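The numbers here are math on the coordinates, done by the rules we state, and not lab data. Small disclaimer: the values here were computed from a predicted structure and weren't measured. Positions of Cβ are generated from backbone atoms using ideal geometry, with glycine treated the same way; all protein chains shown enter the neighbour counts.
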Amino acid sequence: MASLVLSSYRSAGTGLYNGIAPGSNLVAIKAFNAQGLGTYADVIRGIDWAVAHQAAYNIRVMNLSFSALPQSYYWEDPLTRR
């Protein structure tokens, strides 16, 4: 995902950027352990960190991608609640 967003490579034919936001900076926030395991609380702490440091790092967009077996109904899931 990062390469699709941040790529500053220019097409040889058109000279246009390949990325959709080539001047952007990436802030990586690690929520899982070395084995790739984490909990809802770990993910929520990562989101809280991003919100708390939004101004310092000019964070305007978050991309979250997860894969796991459902642990509850979507309306009870703390990551899908508003």
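Taking the stretch 25-82 only, how many residues are of a type in the set (K, R) and farther than 19 Å from V5 by Cβ?
Taking the stretch 25-82 as the starting set, the residues that turn out to be of a type in the set (K, R) are 30, 45, 60, 81-82.
Filter once more, keeping what is farther than 19 Å from V5 by Cβ: 45, 81-82.
So the count comes out to 3.
Counting only residues that are surrounded by 10 or more Cβ atoms within 10 Å (Cβ to Cβ), in a loop (DSSP other than H, G, I, E, B) and either touching a residue at least 24 places away in the same chain (Cβ under 8 Å) or among the aromatic types (F, W, Y) (or both), how many does the stretch 1-25 have?
1
May I ask you to list the residues in the stretch 28-82 that are part of a loop (DSSP other than H, G, I, E, B) and among the aromatic types (F, W, Y)?
Start the filter on the stretch 28-82 by keeping residues that are part of a loop (DSSP other than H, G, I, E, B), which leaves 28-39, 53, 58-82.
Residues satisfying the conditions are F32, F66, Y73, Y74, W75.
Return a yes/no flag: does the stretch 23-43 have any residue that is in contact with a Phe, Trp or Tyr (Cβ under 8 Å, 6 or more places away or on another chain) and polar (S, T, N, Q). Step through it out loud before you land on a result.
The first filter runs over the stretch 23-43 and keeps only residues in contact with a Phe, Trp or Tyr (Cβ under 8 Å, 6 or more places away or on another chain), leaving 25, 27, 29, 38, 42-43.
Next, only the ones that are polar (S, T, N, Q) stay: 25.
Taking every residue of the stretch 23-43 in turn, at least one turns out to be in contact with a Phe, Trp or Tyr (Cβ under 8 Å, 6 or more places away or on another chain) and polar (S, T, N, Q).
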